[in-house]
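Novice: This is the structure, below, for whatever I ask next.
The values are calculated or read from the model by the stated rules, or taken from the named source; none is laboratory data. Computed from a predicted structure; not experimentally measured. Neighbour counts run over all protein chains shown; Cβ positions are idealised from the backbone, glycine included. Quick note on the areas: whole protein, heavy atoms, side chains included, nothing else; ligands and nucleic acids left out. Shrake-Rupley method; radii C 1.70, N 1.55, O 1.52, S 1.80 Å.
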Amino acid sequence: QVQVVESGGGLVQPGGSLRLSCAASGSVYSVEVMTWYRQAPGKQRNFVASITANGRITYSEFVKDRFAISRDNAKNTWYLQMNSMKPEDTAVYYCNARTYRQQFWGQGTQVTVSS
């Protein structure tokens with residue numbers, strides 16, 4: 001089992017920055033991929049970025065060059081640095097930890113981009 005908890009959401013102005021954190025506990029060694037998703041009101045949950053255990057990173061086209069995913073192995077924490085933010089980035093952001101057999105979701109953190 002893996003538990004993940006997101007934090008760092010909030011209100012930011014267009015063009016601003018936020019850093020989200022995803023703290024993992026439990027069998028963290030078994031996590032093969034950590035992925036950030038987001039879900040805007042009334043819309044489906046969409047892929048944002050992922051990082052594998054061996055460091056392979058993938059971004060969605062709508063955040064590429066603005067967002068950066070990273071990890072701190074010593075802290076069992078993954079991050080999503082969000083820069084040049086736009087109103088359309090407004091959503092609940094979720095962290096997903098995938099092991100060989102299971103997926104684990106956090107409760108999400110609200111991000112609002114508005115002036």
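Novice: What aspartates and glutamates sit close enough to Lys86 to cross-link, taking a C-alpha to C-alpha distance under 18 Å and skipping anything fewer than 8 places away on the same chain?
Specialist: Filter leaves Glu61, Asp65.
Novice: Please work out the FRET efficiency for the pair Gln3 and Asn83, using the Cβ-Cβ distance as r and a Förster radius of 25 Å; give the result to the nearest 0.05.
Specialist: 0.30
Novice: Can you run phi through the Karplus equation (6.51, -1.76, 1.60; θ = phi - 60°) for region 97-103 and list ³J(HN,Hα) in whole Hz, with x for Gly and Pro?
Specialist: So the Karplus estimates, Gly and Pro as x, are 10, 10, 9, 4, 10, 9, 10 Hz.
Novice: Of all DSSP beta bridges located in the chain, what percent are antiparallel, nearest 5?
Specialist: Among the beta bridges of the chain, antiparallel pairing accounts for roughly 95 percent.
Novice: Another question, then. Compare Asn73, Asn54, Asn96 in a GNM of the chain, Cα atoms joined below 10 Å, and give the one with the largest fluctuation.
Specialist: It is Asn54.
Novice: Another question about this same structure. Using Cα-only point scatterers and the Debye equation, what is log10 of I(q)/I(0) for region 1-64 at each q in 0.13, 0.14, 0.25, 0.29 Å⁻¹, rounded to two decimals?
Specialist: So the normalised log intensities work out to -0.45, -0.52, -1.31, -1.35.
Novice: Only Lys, Arg, Asp and Glu count, each charged at its Cβ (+1, +1, -1, -1), so figure out the dipole size of the chain about its Cα centre, rounded to 20 debye.
Specialist: The calculated dipole for the chain is roughly 140 debye.
Novice: Would you please report the Å³ per residue occupied by the convex hull of the alpha carbon atoms in the chain?
Specialist: 93 Å³
Novice: Determine the per residue accessible area of the chain with all protein chains present and a 1.4 angstrom probe, expressed in square angstrom.
Specialist: That works out to 55 Å² for each residue.
Novice: How many angstrom lie between the C-alpha centres of region 8-46 and region 77-115?
Specialist: 2 Å
Novice: Also, I was wondering about something else. How large a share of the accessible area of the chain, in percent, is made up of carbon and sulfur atoms when the probe is 1.4 Å and the other protein chains stay in place?
Specialist: Carbon with sulfur: 46 percent of the solvent-accessible area.
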